[in-house]
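Working notes, beginning with the structure itself.
The values are calculated or read from the model by the stated rules, or taken from the named source; none is laboratory data. It should be emphasised that the depicted structure is a prediction, and the values quoted were computed from it without experimental measurement. FYI the Cβ positions are ideal-geometry reconstructions off the backbone, even for glycines, and counts take in every protein chain you see.
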Amino acid sequence: MREDAGSALTAAARRSLAGTSDPRLRFVMDRLIAHLHAFIRETELTEAEWLRAIQFLTATGQISDDRRQEFILLSDVLGASMLVDEINHPAGGPVTASTVLGPFYRPGARDLPLGASISQDARGEPAVFSGRVLAPGGTPIPGALLDVWETNENGLYEQQDPDQPDMNLRGRFRTDAAGRYTFTGIKPVSYAIPDDGPVGTLLRALGRHPYRPAHIHFIVSAQGYRPLTTHLFVRGDPYLASDAVFATRDALVVDFIRHDTPTEAAAHGVTAPFYTVTYDFVLQPLDTATAPGGGTAPQSARIKEAQP
Ligand code: BEZ
Ligand code: FE
């Protein structure tokens with residue numbers, strides 16, 4: 001196939017964007033068309049393959065609703081969600097690493113007092129989470145909000161599982177005057193992402209497993225700081241090196257320390273055996289927030305001239 005096959009068509013499609021008044025939209029769409037056409041040219045895509053792709057995307061949309069987010073899942077298993085995350089939240093420095101939101105976040109979790117349990121059904125092995133929310137220099141941030149969620153011991157989030165109470169294993173906590181938080185949850189388990197839809201079919205065709213290493217999710221926010229979306233992962237989990245959505249970061253892997261004594265458990269209001277985890281989150285002040293790429297450039301710097 002000629003390397004310039006269809007180049008007049010590509011040029012025409014790019015010229016069709018000339019009337020787009022939003023310069024960022026024009027730039028992003030121009031790059032999308034250029035890369036998509038180059039991909040089709042490079043792979044010499046057949047009509048049957050293109051139709052198959054359209055059918056796949058149609059099925060991805062058809063299975064999606066407010067409880068099932070198949071497009072987020074697709075973005076996740078292709079590594080796209082994590083790439084966007086890494087570009088917008090470069091690793092390194094004192095700020096806690098971020099990772100993907102995933103498709104199972106639900107707003108509106110109960111506001112709970114410090115020390116409360118997010119489990120409404122007492123299943124799983126209890127885990128007591130505690131630590132502080134800090135500014136980069138170590139100054140505690142009082143009143144920071146931690147929005148947390150995790151699966152039950154069967155590896156299912158409550159909206160996937162009719163046997164769990166609504167909003168089970170979700171909660172919102174505010175740090176005290178010393179920036180401290182503590183709450184009880186359960187020791188996270190590794191679980192399979194939903195694989196009974198088009199994304200699961202794709203994973204099987206690629207010979208990939210659907211598992212994520214055990215983790216608990218957090219969105220940590222405070223006035224004057226950039227909100228942090230992250231997880232804590234369980235050290236020793238067998239899937240840490242092959243997360244189906246490429247979202248592990250070494251700095252987020254923590255020790256879950258096991259305790260077997262009933263008196264210790266009683267002091268924490270749980271039953272033995274139980275686990276403790278300690279982790280301090282460090283937020284980025286908004287006035288030092290950087291643009292993608294690490295610079296402090298404003299959004300307009302990301303609107304480059306379209307290259308031929
Ligand atoms: C999650 O951790 O909840 C998740 C993230 C990406 C895809 C599926 C699940
Ligand atoms: Fe998860």
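If the condition is being in contact (Cβ under 8 Å) with a residue 12 or more places away in the chain and in a loop (DSSP other than H, G, I, E, B), then region 234-248 contributes Arg235, Asp237, Pro238, Tyr239, Leu240, Ser242, Asp243, Ala244, Val245, Phe246, Ala247, Thr248. Would you please name the residue that is nearest to ligand 2 (Cβ to nearest atom), looking only at residues in region 126-156 that are among the hydroxyl-bearing types (Ser, Thr, Tyr) and touching a strand residue (DSSP E or B) at 6+ places or on another chain (Cβ under 9 Å)? Going through the qualifying residues, I end up with Thr151. Residues that are over 15 Å from the mean Cα position of the chain (by Cα) and charged (D, E, K, R) within region 184-229 comprise Lys187, Asp195, Asp196, Arg204, Arg208, Arg226, listed in sequence order. Taking residues in region 55-70 that are within 9 Å of Pro198 (Cβ to Cβ), and partners anywhere that are hydrophobic (A, V, I, L, M, F, W, C), the pairs with Cβ atoms closer than 8 Å and at least 6 places apart or on different chains are Phe56/Leu202; Thr60/Phe71; Thr60/Leu74; Thr60/Val199; Glu70/Ile63; Glu70/Val199.
One residue alone among Arg24, Arg67, Arg110 is within 16 Å of ligand 2 (Cβ to nearest atom) and not aromatic (Phe, Trp, Tyr), and that residue is Arg67. Selection within region 165-183: residues that are crowded, with 20+ Cβ neighbours inside 10 Å and not in a loop (DSSP other than H, G, I, E, B). The member of this set that is nearest to ligand 2 (Cβ to nearest atom) is Arg170. In region 266-285, the residues that are under 14 Å from Gly131 (Cβ atoms) and assigned by TED's automatic domain parsing to the domain that holds Gly143 form Cβ pairs under 6 Å with partners that are part of a strand (DSSP E or B) and polar (S, T, N, Q), at six or more places apart or across chains, as follows: Thr278/Ser130.
Please verify whether Arg208 is surrounded by fewer than 20 Cβ atoms within 10 Å (Cβ to Cβ) and either touching a residue at least 40 places away in the same chain (Cβ under 8 Å) or within 16 Å of ligand 2 (Cβ to nearest atom) (or both), treating the condition exactly as stated. For Arg208, the condition - surrounded by fewer than 20 Cβ atoms within 10 Å (Cβ to Cβ) and either touching a residue at least 40 places away in the same chain (Cβ under 8 Å) or within 16 Å of ligand 2 (Cβ to nearest atom) (or both) - is met. Taken as a whole, region 205-220 holds at least one residue that is closer than 29 Å to Ile141 by Cβ and in a loop (DSSP other than H, G, I, E, B).
Check whether at least one residue in region 94-104 is at pLDDT 95 or above and on the phi > 0 side of the Ramachandran plot, and report yes or no. Within region 94-104 (the criterion being at pLDDT 95 or above and on the phi > 0 side of the Ramachandran plot), the answer is no, since none of the residues qualifies. Residue check: Ala192 meets all listed conditions (1) under 24 Å from Ala247 (Cα atoms); (2) of a type in the set (Gly, Ala, Ser); (3) away from ligand 2 (no atom under 12 Å from the Cβ) but one, namely (3). Test Val148 against the criterion of being β-branched (Val, Ile, Thr) and either within 23 Å of Gly108 (Cα to Cα) or at pLDDT below 95 (or both), and give yes or no. Spelling it out, Val148 is indeed β-branched (Val, Ile, Thr) and either within 23 Å of Gly108 (Cα to Cα) or at pLDDT below 95 (or both). Take the conditions (1) under 13 Å from the mean Cα position of the chain (by Cα); (2) free of Cβ contacts under 8 Å to residues at least 40 places away in the same chain; (3) assigned by TED's automatic domain parsing to the domain that holds Pro194; Ala122 misses just one of them, which is (1).
Restricted to region 193-207, and to residues that are touching a helix residue (DSSP H, G or I) at 6+ places or on another chain (Cβ under 9 Å) and over 18 Å from Arg52 (Cβ atoms), which residue is farthest from ligand 1 (Cβ to nearest atom)? The extreme case among them is Asp195. Taking helices (runs of 4 or more DSSP H) as the structural unit, those lying wholly within region 1-112 and holding at least 3 residues that are more than 16 Å from ligand 1 (Cβ to nearest atom) correspond to 7-15, 23-43, 47-62.
Residues in region 75-96 that are within 16 Å of ligand 2 (Cβ to nearest atom) and aliphatic (A, V, I, L, M) were compared, and the one that is farthest from Ala178 (Cα to Cα) is Val77.
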